[in-house]
Structure formats: structure tokens, C-alpha cells
Amino acid sequence: MDQEFDILKVIGTVADVVTISGITILTIWSSIRKDKEVFAFKINLYLTYFLRSVGIIFTAGIILIFISEPYAFFLALFKGQTNGELWEKGKEIQHILSYFATTVIGLSVLWIIGTIIWTSSFKYALDFFNILLPGRPFRLKLQLNPKLDILSAIYGSDTNTVDLTESLRQMIKDEKLKVVVNNSLGGDPHPGVVKKLKLSYRKGILPKTIEVIEGETIEIGNE
């Protein structure tokens, strides 16, 4: 009973942390614009990581609470009987098999739910089921295509530049961007000098920054 009470107390504490974190994220989200300020975007990114981590830990706690049920099932299956204890005296082979089977199931459930929480996608969970089941029945019909965000796009030399952020945002099609870097994008900020484009974008979770020399082609969104 004491152990049960302690686990419930931990889950209650985690729930409070999730609530406070959610309020904090909503407050910050409403006061900043992550698409224009990379620093503000990083704040939201770290808070998102924290909240997702809390969700995974909370899931692990729930699994630990109910893990005795599948163990009792496997013990009854292997031994023919169970008295409800997680580890009876003697440490028979049936107990070891029950622990092994229960651990595999518990970790599998945690991995599936954890990847869904962390990636906001069902792709890896469906891939996991496709490995276990013949014929790959779960072919990803719901193809999630994360939004492509252009955080900043600065074109020019070391001294003269032009901001192409809005221009490149208008060129996104089907969450992809393919464009040749040249003066036609926004004029020539420094005639006679080879220029480059410094592009910061996000598709999925992590932001990326690339530099492309004038005349080269940018193609992003297929990763």
C-alpha cells in the first residue's frame, strides 16, 4: 500500500509539473513570434523538449503501476498458477520467463508511446509494427509532412546584404523550397562581388542553417 501511495504521489507531482509547464509555454507562446526571432524560437524549443520528456516519464510511471497485471498473466501461463506476488521464493524458471516477457512488453509500449510523444508522428510506431507483423500491414497512409518555416534568409556580401526572408517564404510549395540563389531574388546588394545566402529554416523539430554561394541551387524539404 505504501509503495502504491508513493507512486501515485509521484504521478500527482508530475501532473502538477505538466500543468505549470503548459501554462508557461502558452504564456511565452502568446508573447513572442518564433518565426522572426531565432532566440525566442529556441526558448520554445527547449520548453517543448522539457514537456515531451515529462510526458515520457509520466508514461513510464503509468506502465510501472500496471506492470504487475501482464506479469501475473504470464506467470499463470507458464506456471499454471500465481499468488499475485512479483517474486516468489525459489526464483523458478517460470518467473524468469514471466519477467522477460513482461519487460519486453513494457519497454515496447514505452518506446512506441515515447516516439509518438517525442516526434509528434506515428511513423516510427507503424514501422515497429511492420517489423513484427508479416506483410507490412501498416503502410504509412497518413504521410505527415511537417511545415517548412523560413526563419531568416540574408543574401549579400560581408558588408552589404538584403533580407529575402519573406520572398523565400512566398516560394514555398507543398512544404518544399527549390530556388537558384541569384540577384533575381531581391536585387544586387553588392555589384561585382560574389555573394552568398545564409538561410535558417525549420522543418520538424530542429532548426538548420545553411550557406549557399551565388549561382547554386537550394533544395530543402525532402529530408
Can you run phi through the Karplus equation (6.51, -1.76, 1.60; θ = phi - 60°) for region 147-161 and list ³J(HN,Hα) in whole Hz, with x for Gly and Pro? 5, 8, 10, 8, 7, 7, 8, 10, 10, x, 9, 5, 10, 10, 9
Under the 7 Å Cα-to-Cβ spin-label approximation, Phe100 and Asp16 lie apart by a distance in nanometres of 4.3 nm
Residue-ordered couplings for region 179-184, obtained by feeding phi - 60° into the Karplus form 6.51 cos²θ - 1.76 cosθ + 1.60 and rounding to whole Hz (Gly and Pro as x), are 7, 8, 7, 7, 5, 5
So how far apart, in nm, are the two label points at Ala60 and Thr217 if each is 7 Å from Cα heading toward Cβ? 4.6 nm
Hey, with R₀ at 45 Å, roughly what FRET efficiency would Phe73 and Lys147 work out to, going by the Cβ-Cβ distance, to 0.05? 0.55
Subtracting the Cα-Cα distance of Asn130 and Trp118 from 0.36 nm times their residue separation yields 2.3 nm
Once you have the Cα-Cα distance between Tyr46 and Lys198, take 0.36 nm times their residue separation minus that, and quote the gain in nm to one decimal. 52.4 nm
Where the only charges are on Cβ atoms (+1 Lys, Arg; -1 Asp, Glu), what is the dipole of region 148-220 about its Cα centre, to the nearest 20 debye? 220 debye
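Each value in this text was obtained by applying a stated rule to the coordinates, not by laboratory testing. Keep in mind it's a predicted model, so treat the numbers as computed, not measured. Note that we place each Cβ from the backbone using ideal geometry, even for glycine, and neighbour counts take in every protein chain shown.
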